[in-house]
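The values are calculated or read from the model by the stated rules, or taken from the named source; none is laboratory data. Here the structure is a predicted model, which is why all the values come from computation and not from measurement. Here Cβ is always computed from backbone atoms with ideal geometry, including for glycine, and neighbour counts include all displayed protein chains.
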Protein chains: 2
Amino acid sequence: MSEVRRDIVTDTWVIIDIENDTIQKIPADIPKLTNNCPFCEGQESRTPNEIYAIRDNTPPDKPGWKVRVIPNIRPILRIEGELEKVGVGVYDMVSGVGANEVIIETPEHIVNFFELSEEQIGLSLNTYRIRIEDLHKDKRLRYILIFRNHGRRAGASTIAHAHSELIALPATPIRIKQKLEGARQYYEYKERCLFCDIIQQEIEMADRLVFQSDRFVVITPYASRFPFEILIIPKRHCYSYQLIEKSEIADLANVLKKICKAIYHVLNDPPYNLVLNDSPNLLPKLNYWKTIKNDYHWHIEITPRIYRRTGFELGTSFYINRFAPEKAASILRSNL
Amino acid sequence: MSEVRRDIVTDTWVIIDIENDTIQKIPADIPKLTNNCPFCEGQESRTPNEIYAIRDNTPPDKPGWKVRVIPNIRPILRIEGELEKVGVGVYDMVSGVGANEVIIETPEHIVNFFELSEEQIGLSLNTYRIRIEDLHKDKRLRYILIFRNHGRRAGASTIAHAHSELIALPATPIRIKQKLEGARQYYEYKERCLFCDIIQQEIEMADRLVFQSDRFVVITPYASRFPFEILIIPKRHCYSYQLIEKSEIADLANVLKKICKAIYHVLNDPPYNLVLNDSPNLLPKLNYWKTIKNDYHWHIEITPRIYRRTGFELGTSFYINRFAPEKAASILRSNL
């Protein structure tokens, strides 16, 4: 038996097998620890010069840091150059202007994010905010994405040391446009924030609620694209991660540690991605900037990568999810 | 150096590394031949009863066939039941009505599609048409997708015997909606078919043209999402695969054999997906049905799966392609 569920935010559909009880477990396939990790404290000379770091009065690119941000050694986009739009016959392109940074989240060689202390996770979360704030001053940069790839099947590099990546883009990505548009249409119709309504409904229905803290709810989305997909939403309506409060950072650090640990135990250290879905840069004043403060609500997605996309997903952007989110939530709840 | 290119059909963006010359080669990882293939001639009793077959007066579910269509043994959607739409609070679902068929493309145990004879490939292509025609009589079925998964990383099952899959969906998928909308907007503005214009431009520019036959062009798309992505477009403007002509089937069989063989040799038998991008079922008379005959143009996508999506692609639907389509086309041209 299947249900075909619509994701109200992005208007995408997912076929959910609501009968299957078998969980596929696929290991993250983490590269082994070597003595040569360039992200460890003491190895600073082996990376490009740091862009930002949390330090106790130590000089840049030397030991004595807690979080360190460096440019990607092989960046896919570069900060130099004008934002040029060029037509190529019927096609369009913009020049490859942007940024590609790596946020090293611990000086020690720790692979699993949830093994960091809450304080250390909080420092990373605050670094995300600081980097977004800085890059939003550049109006060529339309969207800043922060994400983590854990394990080879999730696209992780050969460096296992806990880190996140940041990519600043010269165009707003279609998935974000879909989310903005879904949220805008809902607000226009209901005069309420879609995400605030989702929070309320999920707390009431409870079957997809993994847990809630003072400031956040953790759910398995109704139209989960992947088994054990997780959505973390701040309870306070807020369109921008840049505006996250100190108390929210402390709470979120605890929430992330708890949910990542539960996923680790239930799925046996699966490959996963974590993505911060923030609002776009408002500086260029594109057409969404007026309403976004009311209708958008930042959130975090965690997607275990224990299923391979087939030609079906590639051809349709429909997804097939063989494990119901209600079952995933229940299993996670009993492993918190 | 990168270029950020926009796919004019779907409004998605791809960051293309135009400097890299290294091709990543990943083997398809095909399960080994055993004596137990249930898709081989003589093993008909081990599959569900056939829905359709090309036979020379032999009885159903017995040997003596050339192409055989069976239901998927573990269907994700079922043909029985009403198409019900249900609201679940703020969410929507429809019942899991649809179809999930397997098209066995040869009675012999051949794994690589391009090793079939042109005549045999033509029989498969005609079977696609017949199955689409049949399922389009059912107005609950909004979209029929036919696709092939080759190799484990492309989501293939454990059965290596050459086959395609068909999934009939109760809702039109977002990627198809994006394509329909992109094509409609272009037609509205230019009063010309977008795909016809792409064909003309690609033949003139020639740098992404792999080859052309009498009836088809084979290109690497300007905004290719993946290295060595291929687009096959019929030269004759036609919105629906159901209307493919006999001479087009013979020509397409030759074209597919040629391009799949070239991909096999250049990338060393990579995992890949092949997807038929047809128009939706017009029977339910949804709002696209009036203009679609002018503005849509069916086509086939082939996407080698030699790159893993990271959190970046998941979070944005932006793609990063580390091998320029112009270089891919040039390499394929010299391996035809």
Task: Contacts under 6 angstrom Cβ, first residue in the range B:199-222 being more than 12 Å from every other protein chain (Cβ to nearest Cβ) and in contact (Cβ under 8 Å) with a residue 40 or more places away in the chain, partner of a type in the set (G, A, S) and not in a loop (DSSP other than H, G, I, E, B), 6 or more apart - done: B:V210/B:A329; B:T220/B:A328; B:T220/B:A329
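Okay, residues lined up against (1) assigned to a loop (DSSP other than H, G, I, E, B); (2) away from every other protein chain (no Cβ under 14 Å); (3) crowded, with 16+ Cβ neighbours inside 10 Å:
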| position | (1), (2), (3) |
| --- | --- |
| B:S45 | no, yes, no |
| B:D61 | yes, yes, no |
| B:R68 | no, yes, yes |
| B:E82 | yes, no, no |
| B:G87 | no, no, no |
Open item on the list: If I filter the range A:214-237 down to residues being within 17 Å of the chain's Cα centre (by Cα) and aliphatic (A, V, I, L, M), which single residue comes out as farthest from A:F195 (Cα to Cα)?
Closed with: A:I230
- [ ] Can you confirm whether the range B:96-115 contains a residue that is without any contact (Cβ under 8 Å) to a residue 40 or more places away in the chain, of a type outside the set (D, E) and out of contact with any Pro (no Cβ under 6 Å at 6 or more places or on another chain)?
- [x] no
- [ ] Could you tell me which residue of the range A:70-80 is surrounded by the most Cβ atoms within 10 Å (Cβ to Cβ), considering only residues that are touching a residue at least 24 places away in the same chain (Cβ under 8 Å) and assigned to a strand (DSSP E or B)?
- [x] A:I70
Open item on the list: Which condition from (1) surrounded by 20 or more Cβ atoms within 10 Å (Cβ to Cβ); (2) under 21 Å from B:Y143 (Cβ atoms) is the one that B:Q120 breaks?
Closed with: (2)
TODO: Run B:G42 past the list (1) in contact with a Pro (Cβ under 6 Å, 6 or more places away or on another chain); (2) within 30 Å of A:D207 (Cβ to Cβ) and report the number of the one that doesn't hold.
DONE: (2)
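For the structure I just gave you, tell me whether A:R152 is out of contact with any strand residue (DSSP E or B) (no Cβ under 7 Å at 6 or more places or on another chain), of a type in the set (D, E, K, R) and under 19 Å from A:P271 (Cα atoms). Spell out how you get there, then give the answer.
Values: out of contact with any strand residue (DSSP E or B) (no Cβ under 7 Å at 6 or more places or on another chain): yes; of a type in the set (D, E, K, R): yes; under 19 Å from A:P271 (Cα atoms): yes.
Against the criterion (out of contact with any strand residue (DSSP E or B) (no Cβ under 7 Å at 6 or more places or on another chain), of a type in the set (D, E, K, R) and under 19 Å from A:P271 (Cα atoms)), A:R152 qualifies.
Considering only the range B:89-171, give the strands (runs of 3 or more DSSP E) lying wholly within it that have at least 2 residues that are facing chain A (nearest Cβ under 10 Å).
Numbers: elements: B:91-95, B:99-104, B:143-150, B:163-169.
In the range B:89-171, the matching strands (runs of 3 or more DSSP E) lie at B:91-95, B:143-150, B:163-169.
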Open item on the list: Anything in the range A:291-336 that is farther than 19 Å from A:D197 by Cα, at pLDDT 80 or above and part of a loop (DSSP other than H, G, I, E, B)? List them, or say none.
Closed with: A:R305, A:I306, A:T310, A:F318, A:R322, A:F323, A:A324, A:S334, A:N335, A:L336
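Scan B:I159, B:I167 and give me the residue that is over 21 Å from B:D7 (Cα atoms), in contact with a Phe, Trp or Tyr (Cβ under 8 Å, 6 or more places away or on another chain) and surrounded by fewer than 20 Cβ atoms within 10 Å (Cβ to Cβ). Let's see the steps before the verdict.
Details: B:I167 fails: surrounded by fewer than 20 Cβ atoms within 10 Å (Cβ to Cβ).
Just one listed residue meets the conditions, B:I159.
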Task: Residues of the range B:293-336 classified as free of Cβ contacts under 8 Å to residues at least 12 places away in the same chain and farther than 20 Å from B:V275 by Cβ, total - done: 6
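Just for strands (runs of 3 or more DSSP E) wholly inside the range B:193-287: which have at least 3 residues that are crowded, with 19+ Cβ neighbours inside 10 Å and not acidic (D, E)?
Numbers: elements: B:209-212, B:216-219, B:230-234, B:272-277.
Qualifying strands (runs of 3 or more DSSP E): B:216-219, B:230-234, B:272-277.
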Task: Evaluation of B:R175 against (1) in a loop (DSSP other than H, G, I, E, B); (2) of a type outside the set (S, T, N, Q); (3) surrounded by 21 or more Cβ atoms within 10 Å (Cβ to Cβ) (one fails), failing number - done: (1)
Open item on the list: Condition first: more than 22 Å from A:E165 (Cβ to Cβ), within 14 Å of chain B (Cβ to nearest Cβ), surrounded by fewer than 16 Cβ atoms within 10 Å (Cβ to Cβ) and free of Cβ contacts under 8 Å to residues at least 24 places away in the same chain. Can you find one or more residues in the range A:24-39 that meet it?
Closed with: no
